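The values are calculated or read from the model by the stated rules, or taken from the named source; none is laboratory data. From a predicted model like this one, the values you see are computed outputs, not experimental measurements. Heads up, the Cβs are rebuilt from the backbone with ideal geometry, glycines too, and the neighbour counts pull from every protein chain shown. Just the protein is used for accessible areas: all its heavy atoms, side chains included, with ligands, DNA and RNA removed. Shrake-Rupley method; radii C 1.70, N 1.55, O 1.52, S 1.80 Å.
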Amino acid sequence: MYKNLIIAMKSKNITFTQIADLLGCRYQTVSDNIQGGTERGIYFDDAKKIWKVLFPEYDFMWLFYREKNSA
C-alpha cells in the first residue's frame with residue numbers, strides 16, 4: 001500500500017480516476033495497485049509520470065514508499 005501517495009491524493013483532491021486517465025488504464029487497476037491489492041505495485045515509469053504531472057512538489061521516494069499489507 002502506498003499510504004503517502006494516498007495522503008498526497010487526498011490533500012490535492014486527486015482521484016484514482018484521474019490517475020487512470022493519465023496512465024491510460026482502468027480505475028480498478030490504479031485502485032488495486034495503490035491500495036495494495038496486487039503484488040506488483042506501480043511500475044516505475046507510471047510512478048514517474050504520476051509524480052511529474054500530479055505531485056512534483058513531493059519527494060519521489062517519500063511519495064512512493066510502499067508498505068506491505070499485513071494480512
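Stretching Lys3 away from Arg40 to a fully extended chain increases their span by 11.7 nm, per 0.36 nm per residue minus the current alpha-carbon distance.
If R0 equals 25 Å, the separation of the Cβ atoms of Tyr27 and Tyr65 corresponds to a calculated FRET efficiency of about 0.60. Within segment 9-57, the proportion of Cα pairs with more than 14 Å between them is 50 percent. List the longest stretch of the chain that has no exposed loop site; here a site is one of the trypsin sites (Lys or Arg not before Pro) assigned by DSSP to anything other than H, G, I, E or B, with at most 12 other Cβ within 10 Å. That gives 41-67 as the longest site-free run. Carbon-plus-sulfur accessible fraction, the chain (probe radius 1.4 Å, protein heavy atoms only): 54%.
Residues of the chain: accessible area per residue at 1.4 Å, in Å²? Walk me through the intermediate numbers first.
On the way: 4650 Å² over 71 residues.
So the chain comes to 65 Å² accessible per residue, rounded to a whole number.
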